[in-house]
Amino acid sequence: MKTNKLSFITLLPPRGVVGRGASWLALELILVTIICWWTFNPVLLNAYIWNLPLGYDPDRIVRMEVASTLNNTERMNRKEEISSEEEMLLQKVQEVEDVEVAFRTVYYAPGFDSYLVHCQIGDSTWIRFPTIYFQSESPIFKAYGIQSLTPEVPTSELTNDCEEDRTIIISRTFAMAAFGTTNVAGRTIKLYYVARDEFIEYHIRAVVEDVRLYWVDRSHTNSYICSTMGSSMTNMPIIVRLREGVSPEQFREKCEHEWQQSLTTEHCYIRKIESVHEKLDFYTGRRDGRLMHRNVLVAVFFAINLALGVFGTLIMYTRQRKEEAGVKRAFGATKWSVFWGFIREAWVLTTVSVLIGCIIYFQYLISGDFYEKGMYDNPIVHYWFDSIETHFPIVSLCVYLFILCTVLLGTAIPAWRICRSEITDSLREE
């Protein structure tokens, strides 16, 4: 009985240098937790938004810019002739073996361009959403694989028999925000055009599934308006859905080499071919992409420096306890029991320190430094970071796992070397 009591007492960590080392390590881990929260939080949020599915396959959609050999004045004077040639050019594109669906767009198409329109929800809430214009009978929804949610109007008939400039097709989330249901076919909705400072009323033909028109789109709110603008325009781009297994790069290369002569008319030709990925990266990369890259670089810089700092401190702290390990082994402790003792202490110290650090940062977080919706974001769209009840635990868990892995690795390497050394070597340190 006395032996067991003596063994228990001697297995306790000594006071003094080791105790002070643990205190300083705890303070360092608390500071590291706060810095990790500040650097990791925007990266996790932006990475989540950027990796949400778009709702269609961007690898199979390309846009072919149509140009004319005539100048603007000649093209406008011969508009009917040029429009007829552009229709012929579209037919030639549709006959290409790698093309599944092709159509002329009224300049706007998901993934390329859109027109922002406002709509008032209730008495005070406004949402701003991208709008795509299309021509009657256009296969735009088939090309993008956007499914109809209105049973009486199947996907293949969405653009048929549209009342031009008065017919609108809205997304599921838009319908839920405006009406609280997707069963809104036949109802009307008023949209506000800021440039013209006027409201225009549209008849809702159908509701379709949501798509994200660009990488950082978090509202999933969009609409499609049947328009006559296409009948008075020339040089309208051609949107192409490629066949399965054909990449935009392969298609572009074939167009430039094999089909360059055939994809022309007397005055019209294909000037440029670009994929959805290229266009999205160009638009969002200038602002959001640079911000995202900057946040990632900052997070990586701090992560590496913090990991190295904590790693070095742990190695020094653990080596200072070499004599303690020798004493434990002298009183009958095994190598593995001493090793796991170091690991358990590191785990407890990390857990307590990270908990304290997260509580400290939480006081700053609740003051408003978490992701807030924009002025015109859809009010019914919610992500895990919109609520502090889910935002705080998820990011805290990521911070905790990063710091815990660093601490356990920094503890395990010197602890294993100490446990493998001879008992006399350990005791000789003092």
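Just the residues that are in contact with a Gly (Cβ under 8 Å, 6 or more places away or on another chain) and modelled with pLDDT under 75, please, taken from region 268-296. I'd like the intermediate steps shown before the answer.
Filtering region 268-296 down to residues in contact with a Gly (Cβ under 8 Å, 6 or more places away or on another chain) leaves 276, 279-281.
Scanning region 268-296 gives a single hit, 281.
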Number of positions in region 243-267 that are loosely packed, with under 14 Cβ neighbours inside 10 Å, farther than 19 Å from residue 143 by Cβ and either in contact with a strand residue (DSSP E or B) (Cβ under 7 Å, 6 or more places away or on another chain) or without any contact (Cβ under 8 Å) to a residue 60 or more places away in the chain (or both): 7
Region 380-404 residues that are assigned by TED's automatic domain parsing to the domain that holds residue 47 and in contact (Cβ under 8 Å) with a residue 12 or more places away in the chain, paired with ones that are of a type in the set (D, E, K, R) and not in a helix (DSSP H, G or I) (beta carbon under 9 Å, 6 or more apart): 381/218; 381/373; 383/218; 386/372; 386/373
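Would you mind finding the one in 228, 234 that is of a type in the set (S, T, N, Q) and more than 27 Å from residue 145 (Cβ to Cβ)?
Details: 228 fails: more than 27 Å from residue 145 (Cβ to Cβ).
On inspection, the qualifying residue turns out to be 234.
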Residues of region 82-117 satisfying the condition of being without any contact (Cβ under 8 Å) to a residue 40 or more places away in the chain, part of a helix (DSSP H, G or I) and surrounded by 14 or more Cβ atoms within 10 Å (Cβ to Cβ): 94
Selected residue (criterion: modelled with the lowest pLDDT) from residues of region 358-408 that are among the charged types (D, E, K, R) and in a helix (DSSP H, G or I): 386
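Which residues, counting only those in region 189-216, are under 29 Å from residue 271 (Cα atoms) and not hydroxyl-bearing (Ser, Thr, Tyr)? If you could, list the steps in order and put the result at the bottom.
Kept after step one, since they are under 29 Å from residue 271 (Cα atoms), are these residues of region 189-216: 211-216.
Residues satisfying the conditions are 211, 212, 213, 215, 216.
The values are calculated or read from the model by the stated rules, or taken from the named source; none is laboratory data. All of these numbers come straight from a predicted model, not from anything done at the bench. Cβ coordinates were reconstructed from backbone atoms using ideal geometry, including for glycine residues, and neighbour counts include every protein chain displayed.
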